Amino acid sequence: MSTTTAGGFVPAEMKHGSLRRERRWAMIGAYVALAVFVVFFMTPPFHMLVTSLKGSAEIADLSGNPWLVSAPTLQNYWELLTQGNYLLHFRNSIIVTTCTVLISMVVSTLAAFALARMKFWGSATLATGVFLTYLVPETLLFIPMFQIVGSLGLYNNMWAMVLIFPTLTVPFCTWIMIGYFASIPKELDEAALIDGAGHLQMLWKIFIPVALPGILAAMIFAFTVSWAAFIYPIAFLVSSDQMVLTVGIVSDLIRADTFQWGKIMAGALMAALPPLLVYAFLMDYYIAGLTAGATKG
Amino acid sequence: MAQVTLRKVVKAYEGGVQAVKGIDLDIADHEFVVLVGPSGCGKSTTLRMIAGLEEISDGEISIGGRLVNDVPPRDRDIAMVFQNYALYPHMTVFDNMAFGLMLRKFPKEEIKRRVENAARILDITPLLQRKPKALSGGQRQRVAMGRAIVRDPKVFLFDEPLSNLDAKLRVQMRTEIKKVHQTVRTTTIYVTHDQVEAMTLADRVVVMHGGVIEQVGPPQELYHNPKTRFVAGFIGSPAMNFIPARLENGAGALRVHLPGDIVLPVPAERTARYSALAGKEILFGIRPEHLTEAKNLERPNVAQMLATPEVTEPMGMETLVHFKMAGAEICGRVDPTAPAAPGQPLPMAVDLNHMHVLEPQSGRVL
Ligand SMILES: Nc1ncnc2c1ncn2[C@@H]1O[C@H](COP(=O)(O)OP(=O)(O)OP(=O)(O)O)[C@@H](O)[C@H]1O
Ligand SMILES: [Mg+2]
């Protein structure tokens, strides 16, 4: 069929030539913009990679080109992984982040379900309130938090982070998920109700699978916030064995005014790996979920 | 046994809207009842109260002899088919249909048997492993029905299940629903605003209007003996004509005096019925099919009159003629071969065996 129509409308196609040329220019423009974007954002990681492969003598040598490495060595990586507390910090970060993500997801899924579906007195106000708390900056909160953490006896204890990070993640995660849950047609819960589902079964068997893209988005957010959190850890954690990566790197590898640049870069690069893996792994599902229902309602 | 009984059922939404104003209804076992009425008349609300999705403000509903006012939907043993199908998008057709049975902890083989049986009835066996998004509207509709059938509930509830389908598919699915009901014989309550659907499907039709029931009865009865002006005008397409007229008493017989000095004799056997309104203003009701080209004039109680059509609409098997009478739009149905043309006076026959007399104020049909 396509061949007959194409054959029958040759003049029309020529008329559309300018349209196609416009399209090509749009494509070229898009690629140029993307290329600039990629170069801009890849430059710092590239510099980190180059620096992490240099010995300290080469880094200190100001005559060489900082973008090239003459004697590549894995020594920085090797030292990080075999000496000092880097691996411990890594482990702490993983523990804290895993716990934070779990807690955030459980709390905000339940909260979002209740706020989106169970109309109770003040539920709309509460939903707005949840989001407003997200707007209060950490810098404002960390002094009162300090007192709370102190009175709980959790000062200089990494488990305090598991307690505090959800205050950063839960409001926003709840807010994202309220939106996703609200977009699920009401008839779907009614059908589930009639089919015999209770509230928890409805949440588990219908809402979570249907809103999976939203839940993954919230999860990525919680993971990122928790993995990269800096202010709270640096304020509340002082001894090296309790530190997470973000503070561990800057406090252990910077002694007074000696910066161990090679190791800092190596440590930061390795610290960036888990988020990369999480994104790469979840994004597939995320995008699959986003586009799944898009073509046919 | 699954009869459904509604006693003085009221639904008042917060904000004071009374959507349902005290309705009584008895639905027998195996019966197919259709609730029909214009948009906003409270059909869905009634159905949702029976389902348990909406609380009952006052009155009683029982299913199979059990009062269900405070019984949650899952324990009412009902199944519902929604207008937008409400299929679970992340589950295959099989799982969609099996979900209710799984939650009720049926054994695996039993679930499989029931789903496959329902799939056979509905002719969707090849679709069982697909997801809803890979189905057409009609196929989704079948799956939604399958989900109801596998549960083998006491009552099926349908809320405008066909209104998202195109006209042709709607007719096809209508037959399908009737066939399914003849196979499974489950008591069915079906909501629609389409009177054709109501007439074709129902054992009994319930006409609702403004939160109350106007009339309940088999389709033919509603068609031939409507009790109110609303029912008379709602059932039937094109709708019944209402012409303001006077009922005159002359020479021992009643006559209908229409505008334009048209005088039609009331059939003798109806004289007693209408005599109370003699000499009063009435509404004369006549269906378009009883307003035809001049024919059968020799039959008793068929009178002739002259009308000048303003518009003619050829439908193929008939032609609709529209003319005005004292401001009222009148529609007649004539044979396509009749010489009907706009502006040309056309002799027409009025079959008074099928006339209706309505009280103008109350809208009551005598
Ligand atoms: N949740 C609600 N809150 C307040 N009023 C409502 C609510 N749901 C329905 N109503 C009102 O109740 C009346 C009946 O609604 P219902 O949905 O039963 O109508 P319906 O007969 O099903 O109409 P349709 O054919 O348009 O579906 C309407 O006037 C509607 O505005
Ligand atoms: Mg409705």
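Roughly how big is the protein assembly as shown's charge dipole about its Cα centre, with Cβ charges of +1 (Lys, Arg) and -1 (Asp, Glu), in debye to the nearest 20?
Numbers: 58 positive and 55 negative charges, 155 e Å.
Approximately 740 debye in magnitude.
Rounded to two decimals, what is Rg over Rh for the stretch B:63-141 when you use alpha-carbon atoms and the Kirkwood radius? Could you put the intermediate results ahead of the total?
Details: Rg = 14.2 Å, Rh = 14.0 Å.
Answer for the stretch B:63-141: 1.01.
Quick one: of the DSSP bridges fully inside chain B, what percent are antiparallel, nearest 5?
On the way: 59 of 77 bridges.
In chain B, approximately 75 percent of DSSP beta bridges are antiparallel ones.
Give the span of the stretch A:130-261's Cα atoms along each principal axis, as three whole-Å numbers ordered largest to smallest.
Computed over the stretch A:130-261, the largest-to-smallest principal extents equal 67, 35, 25 Å.
Just the number, please: buried accessible area between A and B, total of both chains, 1.4 angstrom probe, nearest 100 square angstrom.
Details: alone 18250 and 17030 Å², together 33350 Å².
Summing both sides, the interface buries roughly 1900 Å².
Who wins for biggest fluctuation among B:P219, B:P267, B:P107 in a Gaussian network model of chain B, springs between alpha carbons below 10 Å?
Residue with maximal mean-square fluctuation among B:P219, B:P267, B:P107: B:P107.
Name the most mobile residue of B:M97, B:M315, B:M80, meaning the one with the largest mean-square fluctuation, in a Gaussian network model of chain B with Cα contacts below 10 Å.
B:M315
Rounded to the nearest 20 debye, what is the charge dipole size of the stretch B:1-75 about its Cα centre when +1 sits on each Lys and Arg Cβ and -1 on each Asp and Glu Cβ? Could you put the intermediate results ahead of the total?
Values: 8 positive and 11 negative charges, 35 e Å.
Here the size comes out at about 160 debye.
Given the options B:V9, B:P300, B:L283, identify the residue whose Cα lies farthest towards the positive end of the charge dipole of chain B (+1 on Cβ of Lys, Arg; -1 on Cβ of Asp, Glu).
B:V9
For chain A, what is the per residue volume of the convex hull drawn over the alpha-carbon atoms, in cubic angstrom? Write out the running numbers ahead of the final one.
On the way: hull volume 70.9 nm³, N = 297.
About 239 Å³ per residue, rounded to a whole number.
If you put +1 on each Lys and Arg Cβ and -1 on each Asp and Glu Cβ, how big is the dipole of the stretch A:84-294 around its Cα centre, in Debye rounded to 20? List each step's numbers first, then the result.
Values: 7 positive and 9 negative charges, 21 e Å.
Result for the stretch A:84-294 is approximately 100 debye, rounded to the nearest 20.
Tell me the accessible surface of A:R24 in square angstrom (1.4 angstrom probe, heavy atoms of protein chains only), to the nearest ten.
Taking all protein chains as shown, A:R24 has close to 140 Å².
Rolling a 1.4 Å sphere over the protein heavy atoms, what is the accessible area per residue of the stretch A:84-294, to the nearest Å²?
48
Per 10 Å bin from zero, what fraction in whole % of the C-alpha pairs of chain B is there, up to the bin with the longest pair?
Per 10 Å bin, starting at zero, the Cα-Cα P(r) for chain B comes out as 5, 21, 25, 20, 15, 10, 4, 0, 0 percent.
Enumerate the whole-percent occupancy of each 10 Å bin, from 0 to the last occupied one, for all C-alpha pair distances of the protein assembly as shown.
In order of increasing distance, the bins hold 3, 11, 15, 15, 14, 14, 11, 7, 5, 3, 2, 1, 0 percent.
Report the convex hull volume per residue for the stretch B:1-132, counting only C-alpha atoms, in Å³. Before the final figure, lay out the partial values.
Working: hull volume 19.4 nm³, N = 132.
Dividing the Cα hull volume of the stretch B:1-132 by its residue count gives 147 Å³.
Rounded to the nearest 500 deg cm²/dmol, what is the calculated helix-only ellipticity per residue at 222 nm for chain B, with -39500 (n - 2.57) per DSSP H run of length n ≥ 4? Write out the running numbers ahead of the final one.
Values: 9 runs with 91 residues, N = 366.
The helix contribution divided over chain B gives -7500 deg cm²/dmol.
Which one, B:V334, B:V17, B:V321, has the greatest fluctuation when you compute a Gaussian network model over chain B with C-alpha springs under 10 angstrom?
Of B:V334, B:V17, B:V321, the most mobile in the Gaussian network model is B:V17.
Taking Cα atoms of the stretch A:10-142, Rg/Rh with Kirkwood Rh, to two decimals? List each step's numbers first, then the result.
Numbers: Rg = 26.8 Å, Rh = 22.0 Å.
For the stretch A:10-142, the value is 1.22.
To check you understand DSSP bridge types, tell me what percent of the beta bridges within the protein assembly as shown (both residues inside) are antiparallel, rounded to 5. It would help to have the intermediate numbers written out before the result.
Numbers: 61 of 79 bridges.
Of all bridge pairs located within the protein assembly as shown, approximately 75 percent are antiparallel.
Determine the calculated [θ] at 222 nm for chain A from helices alone, applying -39500 (n - 2.57) to every DSSP H run no shorter than 4 residues and normalising by the residue count; nearest 500 deg cm²/dmol.
Working: 16 runs with 221 residues, N = 297.
The helix contribution divided over chain A gives -24000 deg cm²/dmol.
Straight-line reach from B:K133: which lysines fall under 21 Å, measuring Cα to Cα and dropping same-chain residues less than 8 apart?
Cross-link targets: A:K186, A:K205, A:K296.
Span-like helices, chain A: DSSP H, alpha-carbon axial extent 27 Å or more, mean Kyte-Doolittle 0.0 or greater, which ones?
Long hydrophobic helices here: A:17-52, A:86-117, A:159-182, A:273-292.
The values are calculated or read from the model by the stated rules, or taken from the named source; none is laboratory data. Fair warning: this is a prediction, and the values are worked out from it, not measured in the lab. Counting neighbours? That spans all protein chains shown, and the Cβs are built from the backbone with ideal geometry, glycine included. Ligands, DNA and RNA are stripped out before the accessible areas are found, and what is left, the full protein with its side chains, is counted by its heavy atoms. Shrake-Rupley method; radii C 1.70, N 1.55, O 1.52, S 1.80 Å.
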